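Structure record follows, encoded as structure tokens.
The values are calculated or read from the model by the stated rules, or taken from the named source; none is laboratory data. Since this is a predicted model, take the numbers as computed values, not measurements. As a convention, Cβ positions derive from the backbone with ideal geometry for all residues, glycine included, and neighbour counts pool all protein chains shown.
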Amino acid sequence: MPSKDPLPFWRTKSLDDMSSSEWEQLCDGCGRCCLVKLEDEDTGDIYLTRLACGLLDLKTCRCRDYAARHEKMPDCISITPEKVRTLGWLPPTCGYRRVEEGKDLLWWHPLISGTPDTVHEAGISVRKLARTEVGIKPGWIPHYIIDDFVDDGVEAPPAPARKKRAGSKR
Ligand code: SF4
Ligand code: SF4
């Protein structure tokens, strides 16, 4: 009897046990964690904005200088297993967060789909949402506050489009 395919690494390993290559692959490339956030100094509440870090490539939603990001953006936070457990603002779709919560990756994650395109097609990435923070005066940042992400309908892949001819005028 043929053996079943082994489970992929994110189903068998904890975040702490992953190799650096596995760790990097687990990031879906959504860019959501690269959006500027504001913290209420009195309450500690975090507000999400649609302004993206100046190093984020708004088309690919990837960092334009990942290797040197901490020199160029000192407030860039490295995501670590500990940070995944403690940062409340990591989006629920984040690959790290899902694995930490014992959930599988979803259809649009590049490790499932085999392509980085699906994270954009599913509307998970910030490609259509973000604009750069470059040139925005600090006092204007609150104008860019948005609601937290609502990800209804991203669990299942979209059904094939059902279309019929509606006639045409010649
Ligand atoms: S939110 Fe998570 S999956 Fe998305 S870019 Fe950030 S670390 Fe990667
Ligand atoms: S420096 Fe790069 S990884 Fe860090 S927040 Fe900016 S775009 Fe994201």
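Would you check which residues across the range 15-43 are more than 13 Å from ligand 1 (Cβ to nearest atom) and in a loop (DSSP other than H, G, I, E, B) and list them?
18, 19, 40, 41, 42, 43
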Q | Filtered residue count, the range 55-71, keeping only those that are without any contact (Cβ under 8 Å) to a residue 12 or more places away in the chain and either part of a loop (DSSP other than H, G, I, E, B) or β-branched (Val, Ile, Thr) (or both) | A | 6
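Looking only at the range 81-139, count how many residues are among the small types (Gly, Ala, Ser) and touching a residue at least 24 places away in the same chain (Cβ under 8 Å).
Here the count works out to 6.
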Q: Quick one: count up the residues across the range 72-126 that are assigned to a helix (DSSP H, G or I), of a type outside the set (D, E, K, R) and within 22 Å of residue 58 (Cα to Cα).
A: 8
Q: Could you please find all residues in the range 65-115 being within 16 Å of ligand 2 (Cβ to nearest atom) and over 23 Å from residue 146 (Cβ atoms)?
A: 65, 66, 67, 68, 69, 70, 71, 72, 74, 78, 80
Q: Name every residue in the range 7-54 that is surrounded by 10 or more Cβ atoms within 10 Å (Cβ to Cβ), of a type in the set (Gly, Ala, Ser) and either closer than 22 Å to residue 108 by Cα or in contact (Cβ under 8 Å) with a residue 60 or more places away in the chain (or both), in order of residue number.
A: 14, 29, 31, 52, 54
Q: State whether one or more residues within the range 85-93 are in contact with an Asp or Glu (Cβ under 7 Å, 6 or more places away or on another chain) and crowded, with 18+ Cβ neighbours inside 10 Å.
A: yes
Q.
Can you report the number of residues in the range 44-72 which are in contact with a helix residue (DSSP H, G or I) (Cβ under 7 Å, 6 or more places away or on another chain), within 15 Å of ligand 1 (Cβ to nearest atom) and aliphatic (A, V, I, L, M)?
A. 3
Q.
With the requirement that a residue be farther than 25 Å from residue 122 by Cα and touching a strand residue (DSSP E or B) at 6+ places or on another chain (Cβ under 7 Å), what does the range 1-39 give you?
A. 38, 39
**Q.** Failed condition for residue 135, given (1) farther than 28 Å from residue 10 by Cα; (2) modelled with pLDDT under 95; (3) among the small types (Gly, Ala, Ser)
**A.** (2)
